[in-house]
Amino acid sequence: MNPFKLKGIWLKGNLHTHSTNSDGVLTPEQVADFYASNGHGFLSITDHEKVTRIAHEKLVLIPGIETSAGETRLGYGYHLVVLGVEDEETIQRLRRSIEELIDFVDENDGLVFVAHPYWSGLTIEDLIKLKKYIGIEVYNTGCDVECAKGFSMVHWDGVLAHNRLIYGLAVDDAHRYVSPPVDALGGWVWVKTETPSAEAIMDSLRRGLFYASMGPRVDDFSHGDGFVEASFTPVDRVDLVSDNGWGLSISLEVYEKLREMLEAKELKGVSEVELNVEDEVEELYIRMGDLKALVRKTMDGFTYFSVKNYGFKKYFRVELTDGKGRKAWINPVFL
Ligand SMILES: [Zn+2]
Ligand SMILES: [Zn+2]
């Protein structure tokens with residue numbers, strides 16, 4: 001299901017963060033105030049092994065907990081974020097059997113995603129053998145600023161390549177908030193929901209009706225029968241990612257080079273390239289065999305692309321990167 005084609009409202013939120021109830025520096029109330037005053041619409045405070053219960057007038061609070069469970073191939077524990085289940089005693093009791101724990105959450109209308117796979121030293125196999133979780137953190141701000149292990153795209157594509165649809169979430173996992181290295185407001189999810197309630201947001205998360213971002217916003221996204229298009233706030237790079245060596249990428253650097261070569265009539269080996277300039281908007285058409293691609297560029301970067309007749313077989317996903325290296329990830333489409 002495509003969230004961009006459904007009715008509802010877009011709400012921004014952080015689903016993994018800590019308070020003084022575990023090892024965070026802000027009280028639960030301060031954490032909620034912090035996110036409310038920074039434009040978030042929902043929040044889950046996910047203290048270690050403890051459910052933090054709190055309400056806030058401007059934020060939808062989703063009960064959550066981060067639990068360390070099971071054992072990975074390298075002998076570490078998985079860190080799981082559990083949302084919507086408040087029975088922390090049972091969660092504690094089931095920690096040794098990660099399968100039983102996830103089953104319990106599933107049977108009690110909660111949901112699970114796997115925290116920071118890169119930071120946890122997870123292998124693709126560690127992720128494949130677990131079932132019934134909705135996704136992984138493709139980005140974790142805390143793990144990024146602390147030890148450069150924030151991004152987990154390799155883990156994500158590794159699982160997708162096994163024909164398992166899991167979603168990508170961006171989260172803060174904030175502990176320090178505003179003291180350096182700042183570990184807050186680096187990643188979040190935009191969820192399409194019918195109503196601003198914890199149940200409705202969790203339902204959208206389960207159905208993949210969201211996208212993850214560190215900055216770029218996606219305005220629209222369509223796909224069907226060899227076709228995909230998206231429009232978004234200005235970015236420096238657009239990537240279509242698929243399994244094995246399949247994919248397509250265009251960066252501003254490549255674009256400028258193509259433009260130069262086109263103007264100097266030096267282009268060889270590309271079947272067809274055409275440039276249209278109107279006011280301050282440029283459109284570049286590229287045709288390679290059956291494939292037709294179009295990118296639109298404004299003064300600030302790319303704002304649109306479309307691809308017809310792509311050759312992807314299993315799945316594809318869209319990844320955008322802005323001039324500051326901040327990414328956005330649209331959830332994968334299986335073919
Ligand atoms: Zn963790
Ligand atoms: Zn955490």
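The values are calculated or read from the model by the stated rules, or taken from the named source; none is laboratory data. This is a predicted model, so every value here is computed, not measured. Every residue, glycine among them, receives a Cβ derived from its backbone with ideal geometry; neighbour counts consider all protein chains shown.
The figures follow:
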{"read-out": "Filter result (away from ligand 2 (no atom under 16 Å from the Cβ) and assigned to a helix (DSSP H, G or I)) within region 138-180", "value": "MET153, VAL154, HIS155, TRP156, ASP157, GLY158, VAL159, LEU160"}
{"read-out": "Qualifying residues in region 236-245 (those that are more than 12 Å from VAL295 (Cα to Cα) and in contact with a strand residue (DSSP E or B) (Cβ under 8 Å, 6 or more places away or on another chain)) - the one surrounded by the fewest Cβ atoms within 10 Å (Cβ to Cβ)", "value": "ASP243"}
{"read-out": "Filter pass, SER44 being within 19 Å of the chain's Cα centre (by Cα), closer than 25 Å to TYR167 by Cα, within 16 Å of ligand 2 (Cβ to nearest atom) and without any contact (Cβ under 8 Å) to a residue 40 or more places away in the chain", "value": "yes"}
{"read-out": "Test: residue in region 284-296 that is touching a helix residue (DSSP H, G or I) at 6+ places or on another chain (Cβ under 9 Å) and under 30 Å from SER152 (Cβ atoms)", "value": "yes"}
{"read-out": "Residue that is nearest to ALA212 (Cα to Cα), among those in region 181-194 that are more than 16 Å from ligand 2 (Cβ to nearest atom) and touching a Gly at 6+ places or on another chain (Cβ under 8 Å)", "value": "VAL191"}
{"read-out": "2 or more residues farther than 25 Å from ASN140 by Cβ and not assigned by TED's automatic domain parsing to the domain that holds ASP144: qualifying strands (runs of 3 or more DSSP E) within region 225-335", "value": "227-235, 247-251, 272-278, 281-288, 291-298, 301-308"}
{"read-out": "Answer residue from region 277-299, given it is surrounded by 15 or more Cβ atoms within 10 Å (Cβ to Cβ) and not aliphatic (A, V, I, L, M) and is farthest from GLU260 (Cα to Cα) among those", "value": "LYS292"}
